[in-house]
Every structure is written in C-alpha cells, then in structure tokens.
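Q: Encoded as structure tokens, here's the structure I'll be asking about.
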C-alpha cells in the first residue's frame, strides 16, 4: 500500500520510487423521514463508510474509515455531504489520520508533494451537521492542505472541530520543512446574495512554527467553529462565551474564543492533543444546549478511555 511505502520512507529516510497516489472520495445524502435521519451514498477507496448510529439528539452518526493507513504526497481525498431539510448528521473518522513526510523523499519531487483533502457541505433549511474527525498527525516533512466549502440555508447549523499535531513529538520529531494549510469558507444563503459568515485561511510551517503569532514552539493546534442556526441575542452570546472560557479550567495550553456574527470560533495552541479534545468536546456540549438538543454522545469509534464531558476541574 502507498501508506506502507511511505512508512518505510519515514523510517529509513532514503528516497524511494514514487507510488501512484490515491484519489478517494465519499458522496453522502442525509434526509429526514418520519422523524429519523437516514443516509444514502457511497465511497471510493481508500475511504469506506462504517455502520451508522442514531444519537439521542437525532443526529445520524456516520464514521468514515481511511483504509490506506495514512496519506502520502499526491494523495487526494474528497468528501461531499448534502443534508436535506431538518436532517441531522455527525461525521467523524474511525482513527487519527497520518500524513507521511514528502519533502526530500523522492528524486522526482525533492521539494515534496502535497496531500490534499477537499470538503463540500451543503445544508438545507433547518438541517444540522457536525464535522468532528479525529486528530491529524503530520510527520516530519509532510505537506498537507485542506479546503472546505460550507453552504447553509436559513436555520441550518454547522459545527466543526479539528486537532492537528505537527510532528511526532513523542519520537522527538518536529514538522521540519513540512507545512499545514487550511481554508474554510462558510456562506449563508437567503434573500439576495449569499453572506459569508466566515472566511478562515491558515498556514503553519517555517517561521510560524516558532513565532509568537504562530505556534510559539508548541506542537498542537486546534480550531472549532460553530455557525448557529439563528442569530444569538447579545446576552445569550455573552453567556455562551463565558461558559466556553470557563470550560478551559484544568486544561493545559493556550485557549481563546470569540464571537462570530452568528456563532463562535475557538482556537487551541499547546502541547496536549487531549487538552484540545477535552475543551472542544465541552464546547460541543455547550452548542448542543444552545440549540436545545440532547447532550452529545461520544462517537462509538473514538478509542479514548477518558471523559472529556466531565465537569471542568475548578481547582486549577
């Protein structure tokens, strides 16, 4: 497999003959029928759909499995999802996604090749999508970029949280000459022209890994965004942000959050993937409450033996 080939490159550090890149995809359609959200669609290797579960909130929890074991330079994944009016879905991944080193690994492409993921989500009126993949781990010299386009009809809600580790720090490895890029655009449709709720473009690599306005030497970055179904009253938004900041207690790292025109955005910078995951899980629960929904159930495929939704440690 391409991922196994890349793993050999990562362990030996020697240039290898290039392998054919993957072109994986998944196309999904969620619809509400008799009060229950169901899904249709399919996936092309190396992506595979797993068994769906119904959460108490009404979300159809659908895990995606990347069967190749990781991404190498030149690989491309595309995930598309359309939610029908009133439907609710939670998309997650079965395991952490690994991105193997590309820079200096091939004589044909000494500067490396980018692994790419494109996300396209279209939410009809009153629908609700939560995009909650597990951690992304970039090996030394890895090049990865993600582009996400989200289109929301009136009353639709979109929540996304991602955690990325830049370098295998447990092995004493940094990102080195690698780079991580992310582009997220969220548009709200209605009368007249679409309104951009968020345009968020980030790049972490080079000087940004050490600079104070970047990662300041920390290996973990996380981002959460919630586009709420309706504008929040000023007092309700302030209460939500206060609760989000209070949820940082007992967790290591630098965490900040702020208001969008219709929702919130949160960032994590630090050394602990677990701390980022805990904080984002608590924010997830807060947004569920703000939507008047049942508290979240942790996806069954998540392997963590932990309780991120437990009350924050107020002694910290």
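Q: Could you give the nm distance between label points at residue 96 and residue 260, where each point is 7 Å from its Cα heading toward the beta carbon?
A: Going from the residue 96 label point to the residue 260 one covers 2.7 nm.
Q: Checking the a/c ratio against 1.5 first, then a/b against b/c, what shape does the Cα gyration tensor give for segment 143-269?
A: Here segment 143-269 falls in the oblate category.
Q: Next up: Using just the helices of the chain, give the 222 nm mean residue ellipticity in deg cm²/dmol: DSSP H runs with n ≥ 4 each add -39,500 (n - 2.57), and the total is spread over all residues, rounded to 500.
A: Computed ellipticity for the chain at 222 nm equals -4500 deg cm²/dmol.
Q: Determine the percent antiparallel among the DSSP beta bridges restricted to segment 21-290, to the nearest 5.
A: 45 percent
Q: Also: Counting only C-alpha contacts under 8 Å and six or more residues apart, can you give the relative contact order of the chain as a whole percent? Kindly include the intermediate steps, with their values, before the conclusion.
A: On the way: 808 pairs, mean separation 40.4, N = 316.
In percent, rounded to a whole number, it is 13.
Q: Another question, then. Using Cα atoms only, what is the angle between the long axis of helix 234-246 and the major principal axis of the chain, expressed in degrees (0 to 90) to the nearest 10?
A: Roughly 40 degrees between the two axes.
Q: Tell me, 88, 44 in order of fewest to most beta-carbon neighbours within 10 Å?
A: Fewest to most other Cβ atoms nearby, the residues stand as 44, 88.
Q: Now, a different point. Would you mind ranking 272, 87 by Cβ crowding within 10 Å, fewest neighbours first?
A: Arranged by neighbour count, lowest to highest, 272, 87 become 272, 87.
Q: Moving to a separate point now. Can you sort 238, 61 so the residue with the fewest Cβ neighbours within 10 Å comes first?
A: 238, 61
Q: Here's something else I'd like to know. How tilted is helix 2-12 with respect to the longest principal axis of the chain? Cα atoms for both, answer in degrees (0 to 90, nearest 10).
A: In the chain, helix 2-12 runs at an angle near 60 degrees to the longest axis.
Q: Quick one: check the C-alpha center-to-center distance for segment 188-214 versus segment 227-300, whole angstrom.
A: Distance between centres, Cα-based: 18 Å.
Q: What do you get for the angle between helix 273-290 and the principal long axis of the chain? Use alpha-carbon atoms, 0 to 90 degrees, nearest ten.
A: Between helix and principal axis, roughly 20 degrees.
Q: Cα centroid distance between segment 155-171 and segment 78-152, in Å?
A: Their Cα centres are 10 Å away from one another.
Q: Roughly what % antiparallel, to the nearest 5, for the DSSP beta bridges in segment 79-211?
A: Percentage antiparallel, nearest 5: 20.
Q: Another question about this same structure. Among [x] 127; [y] 137; [z] 159, only one was calculated for this model; which label is it, if the read-out is volume of the Cα convex hull per residue in Å³?
A: Recomputing volume of the Cα convex hull per residue in Å³ here picks out [y].
Every number here is computed from the coordinates shown, using simple stated rules; none is lab data. Small disclaimer: the values here were computed from a predicted structure and weren't measured. FYI the Cβ positions are ideal-geometry reconstructions off the backbone, even for glycines, and counts take in every protein chain you see.
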